[in-house]
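Written below as structure tokens is the structure these notes are about.
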Amino acid sequence: MLRYNNEYLKILEDIRKACGPTENKFANGLVKIFPETAQKHQEISNFCRTQGYDFHINPASKRPVKAVIKYLPPDHDPENIKSFLKNELKFPVERVIQLKKLRTRQLLPFFLVELQRTKKSEEIFKIKHINYLKVEVEHYRGRNIVNQFFKCNWYHHKAGECQSKARCLKCEGPHETNQCSITDKILNPKCINCGEMGHVASFRGCRSFPKLQTAQQNRSNSSNSQRRTFNTNAKRVRENFFYSSALNPQPRQEMAPRNIINENSQSLDPPSNTFKDMAEGLAELKKLMQEFPNLFSALKELRSATSPAEKLNILMKAFDNSGTSVSG
């Protein structure tokens, strides 16, 4: 992986001329180079090393196989485990480390085993007993953190992979920080990665420090991408469709509902302006009764009238005599 800079195009051209064509990809401030063979990988690494380029290597063939042994006593000696695996079972073990709690540094009953990547190494996950104790061996799942190597103060690699030049956190000189001549604490340091004042390159709040994607953010992004708009027709109640029919695994042909004809049936839903018309009519009737006080008495007399002509005569008398009663 090559450190990206303004001269990356010339560097890739030089690598292509010296080692042949390669597949390249940019990500997280790095130019990832994908050689076709392990021999080509070695040639590119040697060329970048002789040219003094900032890069680090992480070939899959050289990554160790990592396994975690569980259910051993917490005071078990890691050297005894290494001796048992290496001498008796003939595994190419490089080291055995007992894991600890991150905050309290308390020893845990878990032992990390690193082995050289060979066909024999994959058989370690089949082990059921170590030192006469039943165990379980699982693949190692590392913590979700960003690695930063103290020598170059760049990210995403460790000591065994770094081929970059040393950079000092304090003065940005070409040496490691522990070799700097400045021994006093700098009150207002300058970051050698982003160039801002007030923090060093190891500050996780730096804008150049890679940000991890948490599980909660992944769930939020997933829910936002799968969010659907509300469909009013999706859960519409179906008429003449029963609960037992919905549970029946065998589909049945539904019969059309009978048409019930009722000549005297009227719509139960009145027109939208009916109540408005009634209110306006009552208001006009109130005004009319205020202008013709005898009208109220005439309305009472209409109940005793037997013919339409008699009713009309009573109303006409009420309108003609606006100030006197029709009965007097």
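The values are calculated or read from the model by the stated rules, or taken from the named source; none is laboratory data. As the structure is a computational prediction, the values presented were derived from the model and not from experiment. Heads up, the Cβs are rebuilt from the backbone with ideal geometry, glycines too, and the neighbour counts pull from every protein chain shown.
Let's see how each residue does on (1) touching a Lys or Arg at 6+ places or on another chain (Cβ under 9 Å); (2) at pLDDT 80 or above:
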residue: Leu2; (1), (2): yes, no
residue: Glu7; (1), (2): no, yes
residue: Ile15; (1), (2): no, yes
residue: Pro21; (1), (2): no, yes
residue: Ala27; (1), (2): no, no
residue: Ile33; (1), (2): yes, yes
residue: Ala38; (1), (2): no, no
residue: Asn46; (1), (2): no, yes
residue: Gln51; (1), (2): no, yes
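Looking only at the range 16-33, which residues are surrounded by fewer than 11 Cβ atoms within 10 Å (Cβ to Cβ) and either within 29 Å of Asn193 (Cα to Cα) or hydrophobic (A, V, I, L, M, F, W, C) (or both)?
Answer for the range 16-33, where residues must be surrounded by fewer than 11 Cβ atoms within 10 Å (Cβ to Cβ) and either within 29 Å of Asn193 (Cα to Cα) or hydrophobic (A, V, I, L, M, F, W, C) (or both): Glu23, Lys25, Ala27.
Does Asn188 satisfy the condition of being in contact with a strand residue (DSSP E or B) (Cβ under 9 Å, 6 or more places away or on another chain) and part of a loop (DSSP other than H, G, I, E, B)?
yes
Which of (1) in contact (Cβ under 8 Å) with a residue 60 or more places away in the chain; (2) in a loop (DSSP other than H, G, I, E, B) does Glu36 not meet, given it meets every other one?
Status for Glu36: all satisfied but (1).
Which members of the range 119-133 meet the condition of being surrounded by 10 or more Cβ atoms within 10 Å (Cβ to Cβ), charged (D, E, K, R) and within 38 Å of the chain's Cα centre (by Cα)?
Glu122, Glu123
Could you tell me how many of the residues in the range 93-121 are part of a helix (DSSP H, G or I) and under 15 Å from Pro78 (Cα atoms)?
0
Does Ile124 fit the bill of being more than 30 Å from Ser202 (Cα to Cα), assigned by the TED database to the domain that holds Asp75 and not in a loop (DSSP other than H, G, I, E, B)?
yes
Scan (1) of a type in the set (Gly, Ala, Ser); (2) touching a His at 6+ places or on another chain (Cβ under 6 Å); (3) at pLDDT 85 or above for the single condition Gly173 breaks and write down its number.
(2)
With Glu79, Glu43 as the choices, which residue is surrounded by fewer than 14 Cβ atoms within 10 Å (Cβ to Cβ) and assigned to a helix (DSSP H, G or I)?
Selected residue: Glu79, the only one of Glu79, Glu43 that is surrounded by fewer than 14 Cβ atoms within 10 Å (Cβ to Cβ) and assigned to a helix (DSSP H, G or I).
Given the conditions (1) part of a loop (DSSP other than H, G, I, E, B); (2) surrounded by 13 or more Cβ atoms within 10 Å (Cβ to Cβ); (3) among the aliphatic types (A, V, I, L, M), which single one is not true for Val146?
(2)
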